[in-house]
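Notes follow the structure.
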Amino acid sequence: EFLDELVETLPASPVGVGPDFLEISPENYIGRGGHVTAQLDRLRERYPLLSHGLTMSLAGTEPFDAEYMQSLRAFLSEMKSPWHSDHLCFSIAGGGRVLHDLLPPKMTRASATRTADRVRRAQDALGVKMAVENISFYLPAGADEMHEADFVGEVCEQADCGLMLDVNNVYVNSVNFGFDANDWLARAPLERVVQMHVAGGEWVDDIEGAGKTMIDSHGTDVPDPVLDLFERALARTGPVPVIVERDQAIPPLADLLKEVERVRAVWMRATSK
């Protein structure tokens with residue numbers, strides 16, 4: 001929605017005004033040409049780029065698509081992204097069918113070991129470090145034998161990969177499942193965090209009026225409880241790059257940049273302590 005406007009502001013905006021970097025999803029650009037790719041080339045002359053994927057299904061069982069991995073490796077090299085992040089979930093099943101959702105794995109040690117092996121193989125195939133993202137989810141995949149934060153830590157340790165900490169996902173899950181988000185952070189391997197996401201969610205009515213569920217919609221401003229949790233996490237991780245995610249109800253670019261500045265103020269306060 002604001003790609004052309006962002007490009008057009010480049011000559012008028014001094015360095016340091018607006019975003020410090022951009023995050024892109026390779027699935028939106030691989031194999032694509034024309035205007036959008038030309039605009040991306042202009043943006044990468046000005047901004048560092050970080051790569052965030054949507055389709056690797058790291059906790060799944062389907063083999064990685066060799067053609068996609070080869071294309072992704074070339075894309076990452078061209079964009080000079082220092083790592084590639086994707087979700088700690090399964091999203092492909094049944095012989096390659098895309099499920100169009102990020103579904104949670106069963107939180108077991110066997111699942112953690114299998115997932116870590118897939119992350120290691122992805123790192124080898126791509127030639128860059130992987131960073132796994134903790135997801136929001138709404139129904140556990142059966143009885144878990146591990147706390148989610150411990151599961152994330154086990155995968156990161158066995159794979160020797162980074163953690164892309166989504167603070168809003170921690171908050172959303174804590175609200176829906178009734179756990180302490182601060183305890184989640186205390187158990188998580190925050191020393192492996194290379195990047196963070198913050199976003200806003202929305203309440204929706206459950207079926208037949210049984211209650212309400214917080215949805216990770218990326219459709220609102222970042223709420224204060226998420227900013228508070230974000231600040232506490234930053235105090236432990238130190239200065240890492242942070243993305244404000246907005247995928248729905250996208251406001252004008254000027255309003256988005258105001259939201260960036262709001263998050264940046266928290267980042268500056270937390271990292272200067």
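The values are calculated or read from the model by the stated rules, or taken from the named source; none is laboratory data. Because the structure is predicted, anything quoted here is derived from the model rather than measured. Neighbour counts are summed over all protein chains in view; Cβ atoms, including those assigned to glycine, are modelled from backbone coordinates with ideal geometry. Side chains are part of the model used for accessible areas, which takes the heavy atoms of the whole protein and leaves out ligands, DNA and RNA. Shrake-Rupley method; radii C 1.70, N 1.55, O 1.52, S 1.80 Å.
Which residue is farthest from the chain's Cα centre (by Cα), if the candidates are limited to segment 28-51 and must be in a helix (DSSP H, G or I) and of a type in the set (Lys, Arg)?
Filtering segment 28-51 down to residues in a helix (DSSP H, G or I) leaves 28, 34-44.
So of that shortlist, the ones also of a type in the set (Lys, Arg) come out as 42, 44.
Numbers: 42: 24, 44: 20 Å.
Going through the qualifying residues, I end up with 42.
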(request) Give the residues of segment 52-74 that are of a type outside the set (A, V, I, L, M), at pLDDT 95 or above and part of a helix (DSSP H, G or I), sorted by residue number. (result) 70, 71, 73
(message) Among the residues of segment 129-158, what is the count of those that are outside any loop (DSSP other than H, G, I, E, B) and either at pLDDT below 90 or within 14 Å of residue 190 (Cα to Cα) (or both)?
(response) 13
(request) Identify all residues within segment 205-232 that are hydrophobic (A, V, I, L, M, F, W, C) and surrounded by 15 or more Cβ atoms within 10 Å (Cβ to Cβ); write none if there are none. (result) 214, 215, 222, 226, 227, 229, 230
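Any chance segment 33-55 includes a residue that's within 19 Å of residue 139 (Cα to Cα), open to solvent by less than 60 Å² (accessible area, probe 1.4 Å) and in contact with a Phe, Trp or Tyr (Cβ under 7 Å, 6 or more places away or on another chain)? So that I can check it myself, show each step before the final result.
Step one: filter segment 33-55 for residues within 19 Å of residue 139 (Cα to Cα), giving none.
Within segment 33-55 (the criterion being within 19 Å of residue 139 (Cα to Cα), open to solvent by less than 60 Å² (accessible area, probe 1.4 Å) and in contact with a Phe, Trp or Tyr (Cβ under 7 Å, 6 or more places away or on another chain)), the answer is no, since none of the residues qualifies.
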(request) Within segment 206-234, track down each residue that is at pLDDT below 90 and assigned to a helix (DSSP H, G or I). (result) 207, 208, 209
(request) Please find, within segment 159-204, the residue that is nearest to residue 266 (Cα to Cα) out of those that are part of a strand (DSSP E or B) and open to solvent by 50 Å² or more (accessible area, probe 1.4 Å). (result) 202
(request) Output the residue which, of all residues in segment 98-125 that are in contact with a strand residue (DSSP E or B) (Cβ under 6 Å, 6 or more places away or on another chain), assigned to a helix (DSSP H, G or I) and aliphatic (A, V, I, L, M), is surrounded by the fewest Cβ atoms within 10 Å (Cβ to Cβ). (result) 122
(message) Tell me the residue from 249, 254, 235, 265 that is among the aliphatic types (A, V, I, L, M), at positive phi and open to solvent by 40 Å² or more (accessible area, probe 1.4 Å), please.
(response) 249
